1. Just need the relative contact order of the stretch 300-546 here, percent rounded to a whole number, with Cα pairs under 8 Å and 6+ apart.
2. Hey, what's the Kirkwood Rh for the stretch 144-223 if you take every pair of different alpha carbons, in angstrom?
3. Using alpha-carbon pairs under 8 Å, 6+ residues apart, how would you state the relative contact order of the stretch 11-251 in percent?
4. Tally Lys/Arg at +1 and Asp/Glu at -1 over every other residue whose Cβ is under 9 Å from the Cβ of D441; what's the total?
5. Given a 1.4 Å probe, how much area per residue of the stretch 300-546 is accessible, in Å²?
6. Net charge near R489, counting Lys/Arg +1 and Asp/Glu -1 over other residues with Cβ under 15 Å of its Cβ?
7. With n ≥ 4 as the cut-off for DSSP H runs, can you work out [θ] at 222 nm for the chain, using -39500 (n - 2.57) per run divided by the number of residues, rounded to the nearest 500?
8. Using alpha carbons only, how many angstrom separate the centre of the stretch 73-96 from the centre of the stretch 275-291?
Amino acid sequence: MSDGAIPPVRRTTRFRELLASPSLEFLIEAHNGISARIGEEAGFRGIWAGGLCMSAQYGVRDSNEASWTQVLEMLEFMADATTLPILLDGDTGYGNFNNVRRLVRKLEQRGVAAVCIEDKLYPKTNSFIDGDRQQLADIDEFCSRIKAGKDAQRDDDFAIITRVEAFIAGWGLGEALRRAEAYHAAGSDGILIHSALSRPSEVLAFKKEWGDRLPVVIVPTKYHATPTDVFREAGFSIAIWANHLLRAAVTAMQETARTIQREQSLQSVEDRIAPVRELFRLQGASELQEAEERYLPKRQDRSRAVILAASRGSALGALTESRPKAMVAVRGQPLLGHIVAAYNGAGIKRITVVRGYRPEAFDLPALTYVDNPDYADTSELVSLSVALGADPDDSRDLVVSYGDVIFKRYILEAIEEPDADFVVAVDTDWRDSVNRGRAADYVRCSQPHSRRAFYQPVWLEAAGEDLPEAEIHGEWMGFLRVAAPALPRLRAVVAAMAADPGNRRAKLHQLLAELVRRGEKVRVVYTTGHWLDVDSLDDVVAAGSFA
Ligand code: SPV
Ligand code: MG
């Protein structure tokens with residue numbers, strides 16, 4: 001939740017400043033990470049990690065039922081979630097002097113600025129539950145807790161506030177003052193004087209007699225109706241709003257739970273509760289996204305794909321009467337399903353499919369469909385231009401392929417050439433296509449496939465269906481990968497070509513040739529096999545065994 005930016009002044013020092021400040025300061029209760037952050041965003045300068053609310057959020061009583069290490073664990077989340085100093089309500093210190101000194105060490109390690117310990121016995125009970133039956137600690141024994149805690153701290157500014165429970169336990173002002181004096185002498189950094197009355201008379205009487213010997217902290221939970229100026233004028237150091245965030249949350253949660261249960265619907269609560277994106281904001285989700293940009297290696301989901309699937313595929317006859325070739329089933333799944341699975345397998349989720357013939361036959365989910373209405377008298381270049389026009393996002397690399405070419409994910413991995421703007425996959429096993437006399441996109445490259453080509457980049461020189469056989473180095477399988485920075489140039493070339501009526505039926509190999517003509521470096525990756533171009537019924541049969 002934290003973005004790690006703790007202000008340069010230590011939290012212990014900032015808590016000291018609050019304690020010493022001549023004006024009345026305030027702490028807001030927090031009981032977990034998100035409430036600590038909410039308190040900070042509201043403008044508070046310090047947090048009270050209250051025992052009542054921390055135990056309540058765990059669903060247990062304020063009677064040391066949550067172990068002190070469970071409290072510590074929550075404090076760590078809180079310290080991570082806020083830059084503010086935290087004053088822990090450390091109850092009685094969870095034992096004797098020995099427990100207090102260990103507590104202080106652990107709090108310092110977790111970034112907690114101060115602890116308040118109260119002069120009662122472990123296990124304690126909340127001051128508002130039968131307060132006058134509560135037994136106070138022996139003064140000398142309690143002073144040993146203070147001294148051991150002060151001796152244990154490594155940071156000079158770590159503060160120990162001592163809480164006088166004399167009024168709570170039914171004693172008078174004299175006992176309260178006697179105890180405060182002893183705690184002062186033992187090294188306490190401030191006195192918290194607590195009262196369960198609905199008027200501030202006890203705490204005001206104490207402050208009047210005590211004067212400024214040590215800063216005095218109050219918790220006006222019961223005397224909440226007292227104007228804050230009364231505390232100011234009396235010279236208190238800090239007022240703690242000790243349980244109000246949790247109480248507010250409880251009211252909201254009860255109301256929401258009842259409403260949803262009653263209405264069995266979310267409709268009437270949705271507008272009255274924080275949107276999910278507010279949770280993300282409070283969690284600091286955007287900071288993580290920025291960090292991922294900085295630290296994570298470039299992942300394939302930084303790529304998107306365009307699949308050109310507009311044509312009918314008349315060579316397949318009746319098979320494509322009611323559906324285009326891309327939707328012909330092979331092994332129980334349309335060709336397009338196999339293609340999408342290969343993309344997904346390579347981490348590419350964002351896929352645009354260009355439809356033309358029988359667009360209604362495309363029923364695969366999670367794809368973006370765009371239509372080339374002129375598919376009957378146009379060709380791949382126009383379809384590509386439709387797809388580019390439909391999605392202006394040039395922040396990801398783009399992979400273009402055909403709706404009738406199924407392939408293994410390996411091909412996509414092979415054309416991941418991080419330094420190349422344009423990459424094509426070229427099959428070295430091209431003679432079979434020539435022998436069968438089938439139309440194929442042949443290419444001539446800067447060098448034929450060889451072991452040397454592994455170490456030296458190979459570049460595309462020419463592409464076409466009728467290259468002289470002597471010049472052919474391979475068959476292009478229709479995969480074109482364009483790095484994000486080169487996408488504006490791809491767009492420009494495609495737009496220029498598509499604007500020429502003479503290019504209505506231009507194929508993608510003509511785009512490759514044009515890129516080369518314009519001086520673009522098109523990187524060739526030689527592969528062998530791992531793909532199948534489905535052009536005929538024989539191919540459909542072959543695809544059955546491939547897929
Ligand atoms: C707390 O908030 O846990 C306190 C204050 O200790 S009180 O609940 O008033 O005792
Ligand atoms: Mg408490």
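The values are calculated or read from the model by the stated rules, or taken from the named source; none is laboratory data. In this text the structure is predicted, and so the values were computed from the model without any measurement. Glycine also receives a Cβ, built like all others from the backbone with ideal geometry; neighbour counts cover every protein chain displayed. Ligands, DNA and RNA are excluded from the accessible area calculation, which covers all protein heavy atoms including side chains. Shrake-Rupley method; radii C 1.70, N 1.55, O 1.52, S 1.80 Å.
1. Working: 491 pairs, mean separation 61.6, N = 247.
Reported relative contact order: 25 percent.
2. Numbers: mean 1/r = 0.0768 Å⁻¹.
It is 13.0 Å.
3. Details: 498 pairs, mean separation 55.6, N = 241.
The value is 23 percent.
4. Details: positive: K507; negative: E465, E475.
In short, -1.
5. Working: 10790 Å² over 247 residues.
Normalised by residue count, the accessible surface of the stretch 300-546 is 44 Å².
6. Working: positive: R481, R491, R517, R518, K521, R523; negative: D394, D397, D421, E514, E520.
With Lys, Arg at +1 and Asp, Glu at -1, the neighbours total +1.
7. Values: 20 runs with 207 residues, N = 547.
So the calculated ellipticity at 222 nm is -11000 deg cm²/dmol.
8. Their Cα centres are 24 Å away from one another.
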